[in-house]
Amino acid sequence: MNKLIGLSVLALSLGIPLSLQAESSSDDDGHDRGDRIENRLDQKGDRIEERLDDKGDRINERLDQRSEQAAANGRDKLAAHLDRKGDRIDSRLDNKGERINERLDKKGERIDNRYDSKNDRGERTKKHRHRSRDNDSN
């Protein structure tokens, strides 16, 4: 019998804090959700930018090796062409990664601002409703 009572008390004590946490997390959901989305998009942009930067570096290194080989064989014009080509590809991929990262940063910021403004409107509406209830009861 004591075990049964102990288990029921334990279950209730575990259940009450969880329900309180659920209520408190729903109040801040708008602010947290926008921040989480903004951070996720920011990290995604950073990963894409880094991946494109690494790809450009690999291509540039490969073309630099070919350029050195061509220069060693006495083909200086081809070596210069390959060197410029590697630099051009590397800079294009770097710029592309930066543009994507900036676009995702702006998108995340807009989403976060939208959630923040919705949450602010909701809080103002709640305050207004509470004021009108207080005035009605008087």
Give the residue that is nearest to the chain's Cα centre (by Cα), with candidates limited to residues of region 82-117 that are open to solvent by 80 Å² or more (accessible area, probe 1.4 Å) and of a type outside the set (Lys, Arg).
109
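Do we have any residue at all in region 23-32 that's over 25 Å from the mean Cα position of the chain (by Cα) and either at pLDDT 95 or above or open to solvent by 80 Å² or more (accessible area, probe 1.4 Å) (or both)? I'd like the intermediate steps shown before the answer.
First, the residues of region 23-32 that are over 25 Å from the mean Cα position of the chain (by Cα): 23.
Applying the additional criterion that residues be either at pLDDT 95 or above or open to solvent by 80 Å² or more (accessible area, probe 1.4 Å) (or both) yields 23.
Among the residues of region 23-32, at least one is over 25 Å from the mean Cα position of the chain (by Cα) and either at pLDDT 95 or above or open to solvent by 80 Å² or more (accessible area, probe 1.4 Å) (or both), which makes the answer yes.
Give region 67-79 a look and list any residue that's more than 19 Å from residue 56 (Cβ to Cβ) and open to solvent by less than 100 Å² (accessible area, probe 1.4 Å), or say none.
First, the residues of region 67-79 that are more than 19 Å from residue 56 (Cβ to Cβ): 69-79.
Within region 67-79, 70, 71, 72, 74, 78, 79 meet the criteria.
The values are calculated or read from the model by the stated rules, or taken from the named source; none is laboratory data. Keep in mind that this is a model prediction, so the values were computed, not measured. Cβ atoms come from the backbone with ideal geometry, glycine included; neighbour counts cover every protein chain shown. Side chains are part of the model used for accessible areas, which takes the heavy atoms of the whole protein and leaves out ligands, DNA and RNA. Shrake-Rupley method; radii C 1.70, N 1.55, O 1.52, S 1.80 Å.
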